[in-house]
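Single-structure report; data block below.
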Number of protein chains: 2
Amino acid sequence: MRTVPARQALLSRPVPWYDGDVRDDARPPATLEHVARAAGVSRATVSRAITGSGPVSADALRRVRAAAEAMGYVADPIARALVSGAGTRVVVAVTGTSDDVLDCEYTARVLMATARVCAPDGLGATVRRLPLGNPLTGLEALARDRTVAGVVLVNTTEAMLAGLPRRLRGRTVSIGTGSADVPSFDVEGAVAATTSVAHLVRSGRRRIAMITGPAWLPCAQHPVAAFRAAAEAAGLPPRTVAGGFDRRSGEEGAEAVLARWPDTDAILASCDEVALGALDVLRRHGRRVPDDVAVVGFDDVLAAELTDLTTATHPVELIATAAARGALEAPVGDGTVLFPSTLVLRRSA
Amino acid sequence: MRTVPARQALLSRPVPWYDGDVRDDARPPATLEHVARAAGVSRATVSRAITGSGPVSADALRRVRAAAEAMGYVADPIARALVSGAGTRVVVAVTGTSDDVLDCEYTARVLMATARVCAPDGLGATVRRLPLGNPLTGLEALARDRTVAGVVLVNTTEAMLAGLPRRLRGRTVSIGTGSADVPSFDVEGAVAATTSVAHLVRSGRRRIAMITGPAWLPCAQHPVAAFRAAAEAAGLPPRTVAGGFDRRSGEEGAEAVLARWPDTDAILASCDEVALGALDVLRRHGRRVPDDVAVVGFDDVLAAELTDLTTATHPVELIATAAARGALEAPVGDGTVLFPSTLVLRRSA
DNA sequence: CTGAAAGCGCTAACAC
DNA sequence: GTGTTAGCGCTTTCAG
């Protein structure tokens, strides 16, 4: 084996485009090597200068910066990821019973926000469903996956938080319930419910029923608890029926409400989709909205405006952006960050 | 410099988890090296066996497969990307004048479909806006970006197709207009327009106006041409006003239509969003829909169902999925793939 | 058919 | 401070 001193090897190896005059188009991007040669220093020094991860003389720093600037040097995130084991994509992991959860507008918006956060760092975003019955197998697969830079949990359960694989700690966040290990980002759903009830009571409603979110979803219980508390505080019966987040459960929920409490004069829905289903059922039953029954949703999707639905806002983009950032950087404060929700008054309540 | 025979070096280097009994959770994923040792062959052979990129004896193949299977080996996409220069993410590049294009439902759906295609390969997805005025600078940046595995163009212009950087060829596709270099995937917008006009004419409409899509967008011209042809074939005046894809241009377009041709009895919109804006204006002007004026949209978004809008379907997920696949694999046939659109009859026409 | 060796572009010990 | 040396996990000539 012939042993060649490294530096000489470097010098003898041609640096293809730097001295040639290839078409700008075909020219491959500059590497650390190119910058080092231009600045007259070693690759290590360039690395330190660029990342700021070690001592570099002011002089070297200046020359490196100038060279990098001139050649439009950008560190290759792939090489970085390989050496640091940091991964190249943020996974939006949605718990659910079927892939329908990936087809909903909400998930699409979370993914979009995540992708936009990832873009400048050369990272990508993906989605994956975690089966409700056994989310841990999915999480373990993610832990073993070297491409995973961070995980944004959507529809987090207690089991997932408790069983979070070690390797995922510090780069996993939750949109919803969190834990000591997992910072959480969520909307002030409880406040939204309280405000909605207050509005209904103020406008004379006395027999309010709530169609709740999925029973297995911890963060969906806060609005329910708030509804109960607000109702009791106002001296009203805390009527609730179990629901989900889709149109269908809005229909079933409204049917259940009308069957159990025919005198209901207001329905509070866990989300707009559910409210739309309820509106449908009310219409079919000949109940006028808002005259006979008021309806309040939650989310303020485009459809809410079109159907004149009174609803509380849900700043999904803001939440998801903060969450994705949290999954990439070391989380700022490892507690819960809640985003405000405000009631938008329209015709339905 | 001490020169150590490679194989001996390999043998003397401990293979951390393979012989130890670390917690399953903390155990790092198996590498080529682990499989090679277990199968009693070299890394090169394992590589050939796994990728099928070279001659391997049946015996070696069997042993490698067994070992890989047993250890749950999956090749690290990052290392692969580094050595092959293949990139780790597919970029959805949307041409537009402002970042609003990234906030629309359509783009979110394209991104979701792209992310789902990328997921199994360990790749991610991102979005990026290409400024309408100068999309080439953006494309050149993408060409220089090593993380880019493929590009899905949305709202493609002729200039972009003509000036596509060499390094992007073969891994760029277009949702919309394509070229010899760029395979295209689109909906049968022309057919949709023809069918819509046929329906309107059949139901007695004679003074049909179209609010077109953006003038700068080539693929948006096909429906316009089809509309003109259909109208003329039916002996009707081919009335068109320029529009865009947003609610606002639907409103402005409808105003323009009513101002120029007060006797209009049908409006064909370039998309549902535009149709919704038109509906609003018609209501404000006291025109009854569909009695006085029929309205037909295009896309069949959720809002179309809610507002009882007659519209033609637009299988965005199908199109984007095919496009993303095309950006990753060598495109099947380098022509245009058109997806069918069908008219959904509701109350508005 | 198979193994050794050479990197992809970068970071991180470790010496000077 | 700065350079040298080792890799990260993989593919790929190039010899045998």
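Sorted shortest first, the separations between the residue B:342 label point and its copies elsewhere in the assembly read 4.5 nm; each point sits 7 Å from Cα along the Cα-to-Cβ line.
Let me make sure I get this right: for the stretch A:189-314, a, b and c are the square roots of the gyration tensor eigenvalues over alpha carbons, sorted descending. Under 1.5 in a/c it's rounded, otherwise prolate if a/b > b/c, else oblate. Which is it? Verdict is rounded for the stretch A:189-314.
Each residue of the stretch A:281-288 was assigned a 3J(HN,Hα) from its phi angle through the Karplus curve 6.51 cos²θ - 1.76 cosθ + 1.60 (θ = phi - 60°); the sequence is 5, 4, 4, 4, 7, x, 8, 7 Hz, with glycine and proline shown as x. Here is how far apart the residue B:44 label points are across copies: 3.2 nm, shortest first, using a point 7 Å from Cα toward Cβ. Here the 3J(HN,Hα) profile of the stretch A:42-57, calculated from phi with Karplus coefficients 6.51, -1.76 and 1.60 at θ = phi - 60°, is 8, 4, 4, 5, 4, 4, 4, 5, 5, 7, x, 9, x, x, 9, 5 Hz, Gly and Pro shown as x.
Shown for A:228, B:171: other C-beta atoms within 10 Å of each C-beta, ranked fewest to most, produce the order A:228, B:171.
For chain B, DSSP calls about 5 percent of its internal beta bridges antiparallel. The C-alpha atoms of chain B define a longest principal axis, and helix B:221-233 lies at about 40 degrees to it. With its label point defined 7 Å out from Cα along the Cα-to-Cβ axis, residue B:120 lies at 3.5 nm from the matching points of the other copies, in increasing order.
Using only the alpha carbons of the protein assembly as shown, what is the convex hull's orientation-averaged projected area in square nanometres? Show your work: numbers first, answer last.
On the way: hull surface 149.2 nm².
Mean shadow area of the hull around the Cα atoms is 37.3 nm².
Closest approach of any chain B Cβ to the axis that rotates B onto A belongs to B:124, 1, distance given in whole Å.
Neighbour counts of C-beta atoms inside 10 Å place B:62, B:202 in the sequence B:202, B:62, starting with the fewest. Ordered by the count of other Cβ atoms within 10 Å of each Cβ, fewest first, A:200, B:161, B:136, A:139 give B:136, B:161, A:139, A:200. The phi-based Karplus calculation (6.51 cos²θ - 1.76 cosθ + 1.60; θ = phi - 60°) puts the 3J(HN,Hα) values of the stretch B:73-81 at 5, 9, 4, 6, x, 5, 4, 4, 4 Hz, whole numbers, x for Gly and Pro. In the protein assembly as shown, taking the dipole from charged Cβ atoms about the Cα centre, the farthest positive-side position among A:233, B:137, A:294 is held by B:137. A cut-off of 5 Å between modelled amide H atoms, ignoring neighbours fewer than 5 places along the same chain, links residue B:310 with B:297, B:346, B:347, B:348, B:349. Rounded to the nearest 20, the size of the Cβ-charge dipole of chain A about its Cα centre is 1180 debye, with Lys and Arg at +1 and Asp and Glu at -1. Other protein chain C-beta atoms within 10 Å of residue C-beta, averaged over B:127-137: 1.
By how many degrees, 0 to 90 and rounded to 10, does the Cα axis of helix B:135-144 deviate from the longest principal axis of chain B? The two axes meet at around 10 degrees.
Can you give the % of DSSP beta bridges in the protein assembly as shown that are antiparallel, to the nearest 5? Taking every DSSP beta bridge with both residues in the protein assembly as shown, the antiparallel ones total about 5 percent.
Other protein chain C-beta atoms within 10 Å of residue C-beta, averaged over B:116-122: 5. Here the translational diffusion coefficient of chain A follows from Stokes-Einstein with Rh set to the Kirkwood radius across Cα pairs; for 10 °C and 1.306 mPa s it amounts to 68 µm²/s. Close amide-amide hydrogen proximity is noted between residue A:185 and A:174, A:175, A:176, A:337, each under 5 Å apart and 5 or more residues distant or on a separate chain (H modeled in the peptide plane; Pro and chain starts excluded).
Every number in this text was worked out from the coordinates using simple rules, so none of it is lab data. If you're wondering where the values come from, they're calculated on a predicted model, not measured in any experiment. So basically every Cβ, Gly included, is an ideal-geometry build from the backbone, and we count neighbours across all protein chains shown.
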